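Chemist: Mind looking over this structure? Questions follow.
The values are calculated or read from the model by the stated rules, or taken from the named source; none is laboratory data. Because the structure is predicted, anything quoted here is derived from the model rather than measured. Using ideal geometry, Cβ is built from the backbone for each residue, glycine included, and neighbour counts are taken over all protein chains shown. Areas reflect the complete protein model, heavy atoms only, side chains present, ligands, DNA and RNA absent. Shrake-Rupley method; radii C 1.70, N 1.55, O 1.52, S 1.80 Å.
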Amino acid sequence: MIVETGHYALVLALALALVNSILPVWGSIARDRRLMAVAPPVALMGFGLVAYAYVALTTAHVVSDFSLVNVVENSHSAKPLIYKITGVWGNHEGSMLLWVLVLSLFAAAVALFSRSMPQDLRANVLAVQSWIAAAFLLFILLTSNPFARLAEAPAEGNDLNPLLQDPGLAIHPPLLYLGYVGLSITYSFAAAALISGRIDAVFARFVRPWTLIAWISLTLGIAMGSYWAYYTLGWGGFWFWDPVENASLMPWLAATALLHCTAVMEKREALKIWTIFLSILAFSLSLVGTFLVRSGVLTSVHAFASDPTRGVFILLILVIFIGGSFALFALRAGGLKQGGLFAPVSREGALVLNNLLLTTCCATVFIGTLYPLALEAVTGEKISVGAPFFNLTFVPLFIPLFILMPFGQLLPWKRGDLAGVAQRLTVAFGAGLIFMALLAAWRGGPAVSVILSGVALYVLAGSFVDLGRRLFGGDISASIVSQRVRCLPRHAFGTAFAHAGLGVTLLGLAATGWGAEKIISLKPGERVEIGPYELTFESVVPGNGPNYSELVGRTVIGAKGAVVATIEPATRFYPARGMNRSEAGIATLGFGQVYMSIADVAANGVVNARIFWKPLVSLIWIGALVMAFGGCLSLSDRSFRVGIARRARKAQVPSPQPAE
Amino acid sequence: MLWLIFALLTAAAVISVLWPLAKTPRRAGRDEIGVALYKAQLAGIERDEAQSLVAPEDAQAAKAEAARHLMAAAEAPVEPAPAASPKRVWLASVAVLIFVPALSMSLYAIIGHPELPDAPFAARLQTSPAHMDLAVAVAKIEAHLAQHPDDGRGYEVLAPVYLHMGRADDAVLAAREALRLLGATAERNALYGEALVSAANGVVTAEAKQSFDAAAAKDPSAAKPRFFLGLAAEQEGDKARAREIWGKLVAEAPQDATWAQVLRKRIAALGGEPGESQDRLAATIEALPEAGRLSAIRGMVDGLASRLAQNGQDLEGWLRLVRSYMVLHETDKARAALIDAKRNLAGDPNAIARIEALARELGLEG
């Protein structure tokens, strides 16, 4: 019964989304506060209904209700419980439901946490959010219904794609969706601001935390996805410039630019057009990403769906939402009042340059991703645009960005002095150059790696120059410093950490040049050297999982005669789908990793193995964690609580809060 | 119950719209948030200036900017309370009251399946075997075999079911395991052969022929191996031998066996005479005096009944037995045979359907 009530709840959510698409907008046009007041409770109810539907589908997966097509196609009664739950979003229909769940979650969050927001802005934001929800609910119900039933339930399901039966799947899609769909809120804000004609610091103040939440989630989601690909695909790579990966990178680039823009707009009311443009762009790119992945125009691990009706439907949504918002933008942009003025060399100017570079990067990725598709559609010729293209276009754009990053942090508002800033960055320059010299002397090795490592250290040091000057400048004592730490706004720390995270990631990327790789066949007991380590392949041991059988190649890693770690790379066979998947054996030693994957296990125990030594590789993902940490610091900044403090005073709390 | 939940959900959805419409809205306040924000902006500029993040003259200009915004926000005219518009609220309420249930009910009517209950896997496994669907029964036996791979009986039960479901390769494996674990009998050899033929898309392979030969050697009267041996001969082009084997088979076939009629047609297609022996047997019985005839028939029926008591998996046998009892006007025995047949063939829905069809035909239902 829960299945059908869940199905009905989803239909009801569509009806409510349609109601919420119309009444609040009507209210804001007619200046009717009652109609505008409809938006928040309906947004909450809509979230409740979608959440109920989602719980219903999850229940069906958990109890293996094979009267649902979705469960039959993607589950198996013997599958471990965790993958029964994560399998809900490991398929097209379920992941679209998760998409809408996150969408309505954000709407509910706006309804709950933005009480101090101007009422017309809030009503319009929730209305725009409802348009998106209605479009996607319609898409789910008409073309991708997870509640499709079978009158004759089969005895067993087809199991989930083994590549997706992995803890990575538990975290990667929900985080990515929080990011992707979180950008819908900034889009809704931009559209609402354009509708109500109110684009000022207030708008920026409210849009900023949502942008930050989306950006943090997207950062973590992309990093998680890259790590998942790294250890499940068995190739030792972490970024393939795969269209699906690019689809998540593009919104991230746009969101990064947007994040900087909203900061400027909140402080100086400058860069209004940029802010609105990037808000629309970021979510449009999320939609493009959804279209690429969901329509089946690509064929990769991620493309579970290949149904033309779905593709056309999403394309229609894409055209309406992107086209509509840009048309509105074109209509209103001319009437925007000029905000704060600034000289070209200033914090604002640096951020404009940042926007230009990031959007150009974004355009590069966009072309590299869509050009092959367009070419194939027009001429039928299949070409592959891979790492060489992006190394030649994307990387040269990103290097100046890295160089300029510490400058932006140090430049004063309105008007700046480039030479003065460069002087303050001497420490960072020096650190980078010395590091380069040391590396060149110690490792020699590829020049690219040496140079990039130097840049990375420069970024790392440069990120903290501003903070260091503000904390330790002048005559200092422990008490002064601790007082300064407390006084300094948290977003200053956030900025420093987020930028430093990028430096950490760059260092990890640069170090790939010093890695080692071997593809050999190994007999049991055979030894092989990789990097500074020696691997002893002991034997192949068969094992059994709940829904797979596996062959585990026990391997011992030693250094200078001592055992430092044991890894167990495996190849697994999933009988329900008749598919194999490899499980890499990874040992993290310092920040580097020894990575081994095996395949083609022969009867006499000889295996074909791929073995890598990847120095500092874990820094790539640690960097992303540091970036996200910086984002969280910014999010906790008190400047976001302006509205709340105001309300507390108004409500006359008996013990007055200390003034912020 | 289901419809009650639908009604409750719909009511909750409609109320979430009607409730804010019915409430008196908050009075419009000043642009509080704007004031707070620009004040914070001013403080921020002062902080930046103290840390020389902005030049003093620029800070002055920025402060002037922020102050201008602050005054604008503080002095923004309080929006006049909009004239209450009961008409608009009434219109919106009625529209929502009609639209929400109408849309959700009609869309659900098209795509929903209120008649289908949930079917959790565990619950399906626990239903009594009589009501269990074939697929689940098979799954259950498979699960049992995964735990006890040495249980030959499980394979013996599964093999014919697999054949029936068209899973020929699985049938071959199951029949082979049954043979291996339980030892060879005529039935098992024949079953294995049949599975092999099915897996080879109807071709009697050498291995299958060997298996049928073994079966025929163990039980020369068994029909199945002889049928397939005839088929093998036909496929090898040895028409005469096929005719010989099938002719003998048809001669011994029960009178109403449908397969015998099919076989007669095939023999005819081979260019041979359809077996006459069946008719001859019937004629012999016909020629007997009344009492002798009945006793002859009864002897045959009793033989059939005792054979079925030992091996109940013969659908045609059961159907013949029921018909025979009816011919002998022994309705009670016919009913008992129907029940036995159903019990023996509970795993096979098609068989059950045919048994029930016969019961209806003979007026023996209920």
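Chemist: Considering each of A:VAL11, A:VAL71, A:VAL25 in turn, give the residue that is outside any loop (DSSP other than H, G, I, E, B), within 30 Å of B:TRP90 (Cβ to Cβ), within 11 Å of chain B (Cβ to nearest Cβ) and of a type in the set (A, V, I, L, M).
Modeler: Numbers: A:VAL71 fails: within 30 Å of B:TRP90 (Cβ to Cβ); A:VAL25 fails: within 11 Å of chain B (Cβ to nearest Cβ).
Answer to the check: A:VAL11.
Chemist: Another question about this same structure. For segment A:101-110, indicate whether the set of residues that are of a type in the set (A, V, I, L, M), surrounded by fewer than 24 Cβ atoms within 10 Å (Cβ to Cβ) and within 10 Å of chain B (Cβ to nearest Cβ) is non-empty.
Modeler: no
Chemist: Let me ask you something else. When the residues of segment B:40-67 are filtered to those that are within 16 Å of A:LEU488 (Cα to Cα), open to solvent by 40 Å² or more (accessible area, probe 1.4 Å) and assigned to a helix (DSSP H, G or I), which remaining residue is farthest from the other protein chains (Cβ to nearest Cβ)?
Modeler: Among residues in segment B:40-67 that are within 16 Å of A:LEU488 (Cα to Cα), open to solvent by 40 Å² or more (accessible area, probe 1.4 Å) and assigned to a helix (DSSP H, G or I), the one farthest from the other protein chains (Cβ to nearest Cβ) is B:GLU46.
So that you can scan it fast, the table gives a plain yes or no per residue for (1) crowded, with 24+ Cβ neighbours inside 10 Å; (2) modelled with pLDDT of 90 or more; (3) not in a helix (DSSP H, G or I):
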residue	(1), (2), (3)
A:LEU178	no, yes, no
A:ILE185	yes, yes, no
A:ALA192	yes, yes, no
A:ARG198	no, no, yes
A:ARG208	yes, no, no
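Chemist: Given the conditions (1) within 14 Å of A:SER130 (Cβ to Cβ); (2) open to solvent by 10 Å² or more (accessible area, probe 1.4 Å), which single one is not true for A:LEU49?
Modeler: The failed condition is (2).
Chemist: Scan segment A:156-166 and give yes if some residue there is touching a residue at least 24 places away in the same chain (Cβ under 8 Å), open to solvent by 10 Å² or more (accessible area, probe 1.4 Å) and in a helix (DSSP H, G or I), otherwise no.
Modeler: yes
Chemist: Please specify each residue of segment A:464-492 satisfying the condition of being under 29 Å from the mean Cα position of the chain (by Cα) and assigned to a helix (DSSP H, G or I).
Modeler: A:PHE464, A:VAL465, A:ASP466, A:LEU467, A:ARG490, A:HIS491, A:ALA492
Chemist: Suppose we filter segment A:65-80 for residues that are surrounded by fewer than 24 Cβ atoms within 10 Å (Cβ to Cβ) and touching a Lys or Arg at 6+ places or on another chain (Cβ under 8 Å); how many remain?
Modeler: Total satisfying the criteria: 2.
Chemist: Can you say whether A:LEU404 is in contact with a helix residue (DSSP H, G or I) (Cβ under 7 Å, 6 or more places away or on another chain), modelled with pLDDT of 85 or more, open to solvent by 60 Å² or more (accessible area, probe 1.4 Å) and closer than 17 Å to A:ALA500 by Cβ, as far as the supplied structure shows?
Modeler: Spelling it out, A:LEU404 is indeed in contact with a helix residue (DSSP H, G or I) (Cβ under 7 Å, 6 or more places away or on another chain), modelled with pLDDT of 85 or more, open to solvent by 60 Å² or more (accessible area, probe 1.4 Å) and closer than 17 Å to A:ALA500 by Cβ.
Chemist: Can you say whether A:THR232 is surrounded by fewer than 24 Cβ atoms within 10 Å (Cβ to Cβ) and more than 30 Å from A:LEU316 (Cβ to Cβ), as far as the supplied structure shows?
Modeler: Details: surrounded by fewer than 24 Cβ atoms within 10 Å (Cβ to Cβ): yes; more than 30 Å from A:LEU316 (Cβ to Cβ): yes.
Yes; evaluated as a whole, the condition is true for this residue.
Chemist: Moving to a separate point now. Regarding B:ALA168, is this residue touching a residue at least 24 places away in the same chain (Cβ under 8 Å), open to solvent by less than 20 Å² (accessible area, probe 1.4 Å), under 23 Å from B:ASP213 (Cβ atoms) and within 22 Å of the chain's Cα centre (by Cα)?
Modeler: Values: touching a residue at least 24 places away in the same chain (Cβ under 8 Å): yes; open to solvent by less than 20 Å² (accessible area, probe 1.4 Å): yes; under 23 Å from B:ASP213 (Cβ atoms): yes; within 22 Å of the chain's Cα centre (by Cα): yes.
Taking the combined requirement at face value, the residue satisfies it.
Chemist: Just for segment B:317-341: of the residues that are surrounded by fewer than 17 Cβ atoms within 10 Å (Cβ to Cβ) and assigned to a helix (DSSP H, G or I), which one is modelled with the lowest pLDDT?
Modeler: So in segment B:317-341, the residues surrounded by fewer than 17 Cβ atoms within 10 Å (Cβ to Cβ) come out as B:327-332, B:336, B:339.
Checking which are assigned to a helix (DSSP H, G or I) leaves us with B:327, B:331-332, B:336, B:339.
Details: B:VAL327: 73, B:THR331: 81, B:ASP332: 83, B:ALA336: 86, B:ILE339: 85.
The selected residue is B:VAL327.
Chemist: If you go through segment A:407-427, how many residues are open to solvent by less than 50 Å² (accessible area, probe 1.4 Å), at pLDDT below 90 and assigned to a helix (DSSP H, G or I)?
Modeler: 6
Chemist: If you don't mind, another one. Only one residue in A:ALA30, A:ALA37, A:ALA53, A:ALA78 is in contact (Cβ under 8 Å) with a residue 24 or more places away in the chain and facing chain B (nearest Cβ under 8 Å), so which one is that?
Modeler: On the way: A:ALA30 fails: in contact (Cβ under 8 Å) with a residue 24 or more places away in the chain; A:ALA53 fails: facing chain B (nearest Cβ under 8 Å); A:ALA78 fails: facing chain B (nearest Cβ under 8 Å).
Just one listed residue meets the conditions, A:ALA37.
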